[in-house]
1. Checking Ser128 against (1) touching a Gly at 6+ places or on another chain (Cβ under 9 Å); (2) surrounded by fewer than 17 Cβ atoms within 10 Å (Cβ to Cβ), only one condition comes out false. Which one?
2. Could you pull out the residue among Thr156, Thr131 that is in a helix (DSSP H, G or I) and closer than 19 Å to Gly9 by Cα?
3. Please go through segment 131-147 and pick out each residue that is crowded, with 18+ Cβ neighbours inside 10 Å and of a type in the set (D, E, K, R).
4. So in segment 3-35, with the set limited to residues that are over 18 Å from Thr115 (Cβ atoms) and either more than 11 Å from the chain's Cα centre (by Cα) or without any contact (Cβ under 8 Å) to a residue 60 or more places away in the chain (or both), which one is nearest to the ligand (Cβ to nearest atom)?
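Just so it is clear, none of the values below were taken in a lab; they were calculated from the coordinates. Everything numeric in this text was worked out from a predicted model, so none of it was measured. All Cβ positions, glycine included, derive from the backbone under ideal geometry; neighbour counts span all protein chains shown.
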Amino acid sequence: MDELAIYPGSFDPLTSGHLDIVHRAVDIFPKLIVAVAVNVRKLPTFTLEERVEMIKDSLAGVDRVEIDSFSGLLVDYAKRRKARVIVRGLRALSDFENEFQMAHMNRRLSPNLETIFMMTSQEHFYVSSQTVKEVAFFNGDVSGIVPAPVLKKLTTRGTSKDGLEN
Ligand code: PNS
């Protein structure tokens, strides 16, 4: 495929499941933008700068990936970046309804923008930013389910109780 693709998300923080999607998407698309949203619907645990920095550190040396951030509508960002493809990961059935709504709303707002879903690999099915933060908050072991730079950040900084409620 010769399309520029955008992989948007809160990435609060990046997990090994996200990383799996990045690597697989880069195998398909010539360039991938990992776009961190300034998400007005969620109060993030990590600041935008921290989330971007953790992704940059985790993807150091991976070619054809750009890390960026955006506020406002994803469709407007995609237009600005001249991208026609959005990549999203799907884990369990529970992701489906929200993803289905978002994809349809985005298509309504921008008919030429296509959302492509990639099934999360089996070993990452149960991994989410939320569960990672909860386990880390109670000092549980999250090594192996987050990239090393995220593990470092989680262990040095911890997570606030507020962040767990997102
Ligand atoms: O990692 P997340 O929280 O599931 O990512 C959701 C995200 C950031 C992709 C979504 O909330 C988004 O696109 N936000 C930007 C605002 C927007 O365009 N909202 C309309 C989507 S229906």
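1. Tallying (1) touching a Gly at 6+ places or on another chain (Cβ under 9 Å); (2) surrounded by fewer than 17 Cβ atoms within 10 Å (Cβ to Cβ), Ser128 fails exactly one: (2).
2. Going through Thr156, Thr131 in turn, the sole match is Thr131.
3. Lys133, the sole residue that qualifies.
4. His23
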